[in-house]
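Where a number appears in this text, it was derived from the coordinates with a stated rule and is not lab data. Model, not experiment: these values are computed from the prediction. Please note: Cβ atoms are built from the backbone with ideal geometry, for glycine as well, and neighbour counts cover all protein chains shown.
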Amino acid sequence: MSSNDFGFDIKGLAEAGLTVSLSGRLSVENFDKMLSFRGDIFSKYKPSSLVIDLKDVTYMDSAGALFLIEMEYESKKEGIPCEITNMTKEQRGLLELIDRDAYEKSFQVTKKAGLNFIEQIGHEFIKFLDDIKNIITFIGMMIIKIISSLFRLSSIRWNDVLTYMKKSGVDGLPIVGLISFLLGLIMAFMSSLQLKQFGANIYVPALVSIAMIKELGPIMTAIIVAGRTGSAFAAEIGTMKVNEEVDALIVMGFDPIKFLAVPRVFAVMFIMPFLTIFSDLFAIFGGFVVGVLGLDLTVHTYIQQTMKAIKIFDIITSLIKSVTFAVLIAGIGCHRGFEVKHSAEEVGTATTSAVVTALFIIILVDSMFAVVLSYI
Amino acid sequence: MKEIAISVENLTVRFGDSVVLNNINLNVFKGEILVILGGSGCGKSTLLKHMIGLYEPEKGRVIINGIDIINADENKLRELRKDIGVLFQSSALIGSMTVYENIALPLREYTGLSDDAIERLVRIKLAMVGLLGYEIYLPSELSGGMKKRAGIARAIALDPTILFFDEPSAGLDPITAAELDLLIKNINNGIGTTMVVVTHELESIFNIAHRVIMLEKEEKGIIAEGDPYILRKESKDPRVRNFFNRHIPEHLYQKT
Ligand SMILES: Nc1ncnc2c1ncn2[C@@H]1O[C@H](COP(=O)(O)OP(=O)(O)O)[C@@H](O)[C@H]1O
Ligand SMILES: [Mg+2]
């Protein structure tokens, strides 16, 4: 037997009573062995009484104490006397640490039954409807607060607005620019492959600029801003909820929506039209590079064709669209943040869902715009 | 001569430009309860975290059971970590796991025991800290004091030979705090666990401490060491006597 092991020696007869001498370590590593030993004693030997001798025990931790308590408990259940001998004062102290009644009772608690499949579907559906209702309520409430702050401009935290404008606008320019440039490049190239067959390369500039300004510019920008900024808002506000910072704001008399959400929404509302215009310009520039270098269009023709295709009306509706998207993205990001209750895991969920929900709603609203604008 | 469990040698800690601890030398003996005291922000948690090897110090070494924890290789550290239990100031329970899973985590990782055995051990640890019945709760659903107790249950899950507690009774009601003191003493007595405890509670200090060290912010080091009963009466340093006698220095009164 190695010094790390747990050993035992059984003396006496089952009918006359057993003496079990334990030795070695009554510790966590040997807990499985102790448990099977306990099972053996009561199922194989069925003693009429039990004496447990601890004289040769070299080490005992709380797992050992638990084992002794279970031996006693089992004996009581079988209705046989059980005595522990040669227990040191320290070991007794360890045994006393354990609230036996509570421990025994805890095994009688039954586990809660889960929902069945149909109930789960219903549950999820109700959750989904609730969620939509909550988002609409929140965005409505926020719009009211934004309008009311517009009447009292000094109540807006302008410093915060500027910070968020920088974070979501200026810092986002490179990625918006790069993606839009590539998009313009690809659009011009792909369309020219088809148009070349009819000698209609001249329409490439119009195609790129109309597609960008009417649809792709606002959508691309919204997707990038949702990924960069909406998610950041959800994470920031969510973490503040976890740290009880939002509660602290309420106690100090601040309205958390005005304090945290309004400046963020304002900032995104201001920068989104600019980002959209940047996106349009970069895409047109991408198309221009392909047109001039690959399609034998002159610089002059390309610019002239582009100018002819762009209508002021389209630009204005595109900017209105982008402001709408801004409110939705920032609002949903903040709302998801506020939904966090108290755990770090919820922050992760809120961040993901801020992006997914925003994208879903943007596509929805964009289709509505498309239908409405086709009638004007 | 008592055996040394932890030895801190010439430990200097710096955060950015500011030195928080300067040239600390300290031995913790096997089986003793050492209490670290000192005002808020004087570096108690920092010292504790260096003793566990979470941070790398500017200078100095920490040796636990003969292993230099700053330069030891991963395998040795893993062996050592099994023997160390830590309760963090913020409890540091894993938020995505229930109380039960939090406590089962080290048992599953280190012991290879059967699920039945692990369940019994988790329950017994919960019984020891008075949290039975909260197995399926998430940490976020517990009160501050309950989180502390769950953190303690996790720290003692493997019955480590060295335990570190950072303010175990802060935020607990007096009864629970007293029960906790008893728990600490009984674990120490019964298993012979070496303990390093950071606490401000005078009652607790006099109850559990075999020896205390007192840190001080300006000195950036230890200003007193010894038996709390003796320090209270005989220390020459007024800062130490004031602490033990709950005496507030006079210049603070004059400010009001
Ligand atoms: N990660 C850190 N970075 C910078 N400074 C720190 C860090 N942790 C602690 N400090 C500083 O070290 C000092 C001691 O902190 P701490 O050990 O937490 O004090 P306490 O004694 O209250 O536990 C404080 O002044 C704190 O500002
Ligand atoms: Mg601290």
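Values for this structure:
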item: Exercise: per-residue mean of other protein chain Cβ atoms within 10 Å, A:32-39; result: 2
item: Lysines whose Cα lies under 18 Å from that of A:K321, excluding same-chain neighbours fewer than 8 positions away; result: A:K214, A:K311
item: Highest-MSF residue in chain B out of B:G112, B:G60, B:G39 [GNM, Cα springs under 10 Å]; result: B:G112
item: In the stretch A:161-262, the GluC sites (Glu not before Pro) that fall in loop regions by DSSP, at most 16 other Cβ within 10 Å; result: A:E244
item: Estimated FRET transfer efficiency (B:H247, B:D116; beta-carbon r; R0 45 Å; 0.05); result: 0.25
item: Euclidean distance of C-alpha centroids, the stretch B:51-111 and the stretch A:35-94, integer Å; result: 32 Å
item: Signed unit charges on C-beta, dipole axis of the stretch A:6-109, positive-most listed residue A:S36, A:L68, A:G12; result: A:G12
item: A:V371-B:E219 pseudo-label distance in nm [points 7 Å out on the Cα-to-Cβ vector]; result: 7.8 nm
item: Burial ranking of peptide ranges A:85-97, B:69-81, A:340-352, A:202-214 (average Cβ count within 10 Å, highest at the top); result: A:202-214, A:340-352, A:85-97, B:69-81
item: Relative contact order of the stretch A:6-109, defined on C-alpha pairs under 8 angstrom at six or more residues apart (%); result: 27 percent
item: Count, lysine Cα pairs under 26 Å in the stretch A:6-109, 8 or more residues apart or across chains; result: 27
item: Shielding by partners - mean other protein chain Cβ count within 10 Å, residues of A:64-75; result: 2
item: Pairwise centroid distance, computed over Cα atoms, of the stretch A:314-357 with the stretch A:270-296, Å; result: 27 Å
item: Candidates A:G140, A:G114, A:G294: whichever shows maximal mean-square fluctuation once chain A is modelled as a Gaussian network with Cα springs under 10 Å; result: A:G114
item: Magnitude of the charge dipole, chain A, Cβ model with Lys/Arg +1 and Asp/Glu -1, debye to 20; result: 1660 debye
item: Calculated [θ] (222 nm, deg cm²/dmol) that DSSP helices of n ≥ 4 give over chain A, each run adding -39,500 (n - 2.57); result: -22500 deg cm²/dmol
item: FRET efficiency, B:D227 to A:A248 (Cβ-Cβ, R0 35 Å, nearest 0.05); result: 0.25
item: Set of the stretch A:52-96 residues, backbone N closer than 12 Å to the point 7 Å along the Cα-Cβ line of A:K11; result: A:52-56
item: Protection proxy ranking, peptides A:152-158, A:100-106, average beta carbon neighbours within 10 Å, highest first; result: A:100-106, A:152-158
item: Charge dipole magnitude, Cβ of K and R +1, D and E -1 - the protein assembly as shown, Cα centre, debye nearest 20; result: 1720 debye
item: Assigned charges on the beta-carbon of Lys, Arg, Asp, Glu; the stretch A:133-290 dipole about Cα centre (debye); result: 240 debye
item: Helical contribution to [θ] at 222 nm, DSSP H n ≥ 4, -39,500 (n - 2.57), averaged over chain B, rounded to 500; result: -12000 deg cm²/dmol
item: Loop-located GluC sites (Glu not before Pro) in the stretch A:1-82, at most 13 other Cβ atoms within 10 Å (DSSP); result: A:E15
item: Pair A:F128, A:L173: separation of 7 Å Cα→Cβ label points (nm); result: 4.3 nm
item: Whether the stretch A:23-110 is rounded, prolate or oblate, judged on the alpha carbon gyration tensor where a/c under 1.5 counts as rounded; result: rounded
